[in-house]
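The values are calculated or read from the model by the stated rules, or taken from the named source; none is laboratory data. All of these numbers come straight from a predicted model, not from anything done at the bench. Using ideal geometry, Cβ is built from the backbone for each residue, glycine included, and neighbour counts are taken over all protein chains shown.
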Amino acid sequence: MAIITIWHNPKCGTSRGALALLQEQGHDVRVIEYLKTPPDAATLAGVAAAVGGAKALLRTRGTDAEERCLPQADDAIILAAMLADPILINRPVVIGPSGTLLARPAEHALDAA
């Protein structure tokens, strides 16, 4: 069975739910607490492209993204903001053999397996 990677925030209920679902299904899960270990620029750009662009990966709820006009910005500006402030990265991101996706709702995590 392939390893599935999850960009996880343990304070997020959706992220906890996605991780639990993957573990309950017996998947080997590599957990990356992306706020403690943020992705590098190339990895972030690749994940953003896989999920539909930086806007699709941008977390607006509970952040200052709106005040910074990030939803209207281009991908380069959004990605730079995410690199500087990883809380702007929506979660959970799940990377598995069937693809890379934003697992919202948590049940979508199984689609990457």
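In the range 81-98, the residues that are farther than 16 Å from residue 63 by Cβ form Cβ pairs under 9 Å with partners that are acidic (Asp, Glu) and surrounded by fewer than 20 Cβ atoms within 10 Å (Cβ to Cβ), at six or more places apart or across chains, as follows: 94/111; 96/111; 98/111. The residues listed here are 48, 20, 41; of these, the one that is modelled with pLDDT of 95 or more, out of contact with any Ser or Thr (no Cβ under 7 Å at 6 or more places or on another chain), aliphatic (A, V, I, L, M) and crowded, with 19+ Cβ neighbours inside 10 Å is 48.
Just one of (1) crowded, with 20+ Cβ neighbours inside 10 Å; (2) more than 14 Å from residue 5 (Cα to Cα); (3) among the small types (Gly, Ala, Ser) fails for residue 53. It is (1).
Per-residue answers, yes or no, for (1) in contact with a helix residue (DSSP H, G or I) (Cβ under 8 Å, 6 or more places away or on another chain); (2) assigned by TED's automatic domain parsing to the domain that holds residue 110; (3) not hydroxyl-bearing (Ser, Thr, Tyr):
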site	(1), (2), (3)
2	no, yes, yes
14	yes, yes, no
29	yes, yes, yes
45	yes, no, yes
49	no, no, yes
52	no, no, yes
59	yes, no, yes
69	no, no, yes
77	yes, no, yes
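Annotation: of all residues in the range 29-38 being under 12 Å from residue 95 (Cα atoms) and more than 12 Å from the chain's Cα centre (by Cα), the one that is surrounded by the fewest Cβ atoms within 10 Å (Cβ to Cβ) is 30. If we scan the range 68-76, do we find a residue that is within 22 Å of residue 20 (Cβ to Cβ) and without any contact (Cβ under 8 Å) to a residue 60 or more places away in the chain? Looking for residues that are within 22 Å of residue 20 (Cβ to Cβ) and without any contact (Cβ under 8 Å) to a residue 60 or more places away in the chain, one finds none in the range 68-76, hence no. The residue list 64, 40 contains one member that is touching an Asp or Glu at 6+ places or on another chain (Cβ under 9 Å) and charged (D, E, K, R), which is 64.
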